[in-house]
Structures are given as C-alpha cells and as structure tokens.
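K.L.:
One structure, as structure tokens, below. Some questions next.
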Amino acid sequence: MKLWVGLGNPGSEMSRNRHNIGFMAVDAIAGRHGFSPWRQRFKGLVSEGTMSGEKFLLLKPQTYMNLSGESVQQAAQFYKLSLDEILVFHDELDLAFGRLRIKCGGGAAGHNGLRSMDRCLSGPNYWRVRLGIGHPRQKERVTGHVLGDFSSAERPLLMTWLEAIAESVPLLVKGEPEAFMSKVALLKGEEQE
C-alpha cells in the first residue's frame, strides 16, 4: 500500500483556491484511474484503487491545512507505512504557475501543511510533488494569493495540467519521477527544460 496525499482546505467555498491544488490533483488521479468513491476516514476523505498492480490510498485531510499531519499520521500508522511510501501533492509559491517539481525531503518553506506533516510524521523524508502557483511578488499579498481562486485565465491551463498529471502518474508508480515530469510537460504542450 502506498499513501498519496493531496493538501487543501475543506469546504466548497475554498474548493477553487490555489491552496487546494493538492486536492484537485488527487481528485483528477482518482477519476482517471477508477478509484473508489471518496469516504470519510482518518480525519479525511479517502479513495482506494490500484495502479500498475500496486494498491494506493488517496487522502484529502479535512482538518484544515495547519493540522494536515494528524490525518496523514493516522493513515500511515494504520497501514504501517514508512516515509518513503508517502507522497504529497501541494501548492508551491516558489514555482511559476503550471510548473511542477518532485523531491524527497526538504524544508517546509513556510507551508503549514508540510510543517504539520513534518511534525506528525517525525521527519520530512517523504516524497513531494510541488505544484507551482506562482508568487504575487509582494510578501503582504501572499496570503490573499494562496487563498484566492485560480483566475478565469488560469483555469483552462489548470484543467489541462491536472489531466496531464493524472495521465502521467503511472510513471511515478514505477519510480520514474523525471519521466513523469517530462510527460506532464509534453502533454501540457510546453517546451522541455
């Protein structure tokens, strides 16, 4: 069993916030790969499925971002998972909108959801898919930007991007993060870096 977590905040009024792109990513994966309907468990919503012959639990913590780690910790303890069996999709201010990067471990960079996970999981050495939401360039505008909805101009690219992520995740399952990033970029129609 692998645990893939999407970070976000519960509630329909926040569903289109940039901060909720982690929820959007796991929703797209669940839909694309025929996962079970979402149900309540581990202080969150879970959906189960199989990709490339491996079992996955998708989790959307419903604790609000600051306490996301509590939900992730419950699921990880129940399934006796090590940190390297956990992957989280989250918003990233320091990447341009539409860009993604993957890494294992690292700092929370001011992200309250990651900070909570680090604390509850006793360390940061889980996998992260960092989904770029861009930076508003002024520190005082960060909260409004993160908690603001994607603009009407951003939404078509967002939908294409989420579909590309969902289509490409079998490469992540196989342990090929670079190939995953390349395929997402290709499906989005962007230049390879």
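K.L.:
Would you confirm whether any residue within region 26-48 is touching a residue at least 24 places away in the same chain (Cβ under 8 Å), touching a Phe, Trp or Tyr at 6+ places or on another chain (Cβ under 7 Å) and within 23 Å of Gly110 (Cα to Cα)?
P.N.:
Looking through region 26-48, at least one residue is touching a residue at least 24 places away in the same chain (Cβ under 8 Å), touching a Phe, Trp or Tyr at 6+ places or on another chain (Cβ under 7 Å) and within 23 Å of Gly110 (Cα to Cα).
K.L.:
Taking into account only those residues within region 31-53 that are among the small types (Gly, Ala, Ser) and assigned to a loop (DSSP other than H, G, I, E, B), which is surrounded by the fewest Cβ atoms within 10 Å (Cβ to Cβ)?
P.N.:
Gly53
K.L.:
I've got another one for you. Report yes if Ile21 is assigned to a strand (DSSP E or B) and at pLDDT 95 or above, otherwise no.
P.N.:
No.
K.L.:
Could you please give the count of residues in region 49-74 that are polar (S, T, N, Q), closer than 18 Å to Ser168 by Cα and in contact with a Phe, Trp or Tyr (Cβ under 8 Å, 6 or more places away or on another chain)?
P.N.:
Selection size over region 49-74: 1.
K.L.:
Take Leu57 and decide whether it is closer than 21 Å to Asp118 by Cα, touching a residue at least 40 places away in the same chain (Cβ under 8 Å) and surrounded by 15 or more Cβ atoms within 10 Å (Cβ to Cβ).
P.N.:
For Leu57, the condition - closer than 21 Å to Asp118 by Cα, touching a residue at least 40 places away in the same chain (Cβ under 8 Å) and surrounded by 15 or more Cβ atoms within 10 Å (Cβ to Cβ) - is met.
K.L.:
If I ask for residues that are within 14 Å of the chain's Cα centre (by Cα) and of a type outside the set (D, E, K, R), which ones from region 20-43 would you list?
P.N.:
Of everything in region 20-43, those that are within 14 Å of the chain's Cα centre (by Cα) and of a type outside the set (D, E, K, R) turn out to be Asn20, Ile21, Gly22, Phe23, Met24, Ala25, Val26, Ala28, Ile29, Ala30.
K.L.:
Determine, yes or no, whether Ser116 is within 25 Å of Gln62 (Cβ to Cβ), out of contact with any helix residue (DSSP H, G or I) (no Cβ under 8 Å at 6 or more places or on another chain) and among the polar types (S, T, N, Q).
P.N.:
Answer is no for this residue.
The values are calculated or read from the model by the stated rules, or taken from the named source; none is laboratory data. Computed from a prediction, not measured in an experiment: that's the story for all the values here. Positions of Cβ are generated from backbone atoms using ideal geometry, with glycine treated the same way; all protein chains shown enter the neighbour counts.
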